[in-house]
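> Have a look at this one before I ask anything.
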Amino acid sequence: MNAFTEFRNVTISYGGSQPAMPIDAYKAVVRQVEEWEKKVSMGVAPDNLTAVNVAITGTQRYKTHVFSVTTTFASGTYVFDWVETVPTVDDIS
């Protein structure tokens, strides 16, 4: 992370009865939160999300991780419920 995204503490939670998921999915979550936090630091935070499915990639080229995400940007709170990992966005169920 860089100085733009490390100006405040954040809370990242994995909700519900979280099943085991690939390490790459955890990396994808951190990268996504870093992107959102950069926007927050620039004063252009997106609208909060409530149980919205978000497809994000980690470091592995052919894996897309799908999460149901709830956010509160003002407090830096992010809840990710892993849904599935698929090769591409076209394979999302």
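The values are calculated or read from the model by the stated rules, or taken from the named source; none is laboratory data. Since the model is a prediction, treat every value here as computed from it, not as a measurement. Note that we place each Cβ from the backbone using ideal geometry, even for glycine, and neighbour counts take in every protein chain shown.
> For the range 8-25, give me each residue that is under 15 Å from S68 (Cα atoms) and touching a residue at least 12 places away in the same chain (Cβ under 8 Å). Can you show your working first?
Step one: of the range 8-25, the residues under 15 Å from S68 (Cα atoms) are 12-19, 21, 25.
Once the filter is applied, which keeps residues that are under 15 Å from S68 (Cα atoms) and touching a residue at least 12 places away in the same chain (Cβ under 8 Å), the range 8-25 yields I12, S13, Y14, G15, G16, Q18, P19, M21, A25.
> Name, by its number, the condition in (1) surrounded by 10 or more Cβ atoms within 10 Å (Cβ to Cβ); (2) under 19 Å from A74 (Cα atoms); (3) among the aliphatic types (A, V, I, L, M); (4) at pLDDT below 85 that does not hold for A3.
(1)
> Which number in (1) out of contact with any Leu (no Cβ under 9 Å at 6 or more places or on another chain); (2) among the polar types (S, T, N, Q); (3) not in a loop (DSSP other than H, G, I, E, B) marks the one condition that T71 misses?
Answer for T71: the failing condition is (1).
> Here's a follow-up. If you take the residues of the range 39-64 that are in a loop (DSSP other than H, G, I, E, B) and in contact with a helix residue (DSSP H, G or I) (Cβ under 7 Å, 6 or more places away or on another chain), which of them is modelled with the lowest pLDDT? Spell out the reasoning first.
Residues of the range 39-64 in a loop (DSSP other than H, G, I, E, B): 42-51, 58-63.
Going one step further and asking which of them are in contact with a helix residue (DSSP H, G or I) (Cβ under 7 Å, 6 or more places away or on another chain), we end up with 45-46, 58-60, 63.
Numbers: A45: 78, P46: 84, G58: 86, T59: 89, Q60: 88, K63: 90.
It comes out as A45.
> Here is a list: E35, E84. Which entry is among the acidic types (D, E), within 11 Å of the chain's Cα centre (by Cα) and surrounded by fewer than 17 Cβ atoms within 10 Å (Cβ to Cβ)? Steps first, answer last, please.
On the way: E84 fails: within 11 Å of the chain's Cα centre (by Cα).
On inspection, the qualifying residue turns out to be E35.
> Which of the residues that make up the range 8-32 are more than 13 Å from F80 (Cβ to Cβ), loosely packed, with under 14 Cβ neighbours inside 10 Å and modelled with pLDDT of 90 or more?
Within the range 8-32, just I23 meets the criteria.
> Six or more apart or on different chains, Cβ atoms under 6 Å: show the pairs whose first residue is in the range 65-90 and more than 19 Å from W36 (Cβ to Cβ) and whose second is outside any strand (DSSP E or B) and among the charged types (D, E, K, R).
Listed pairs, sorted by first residue: T85/K63.
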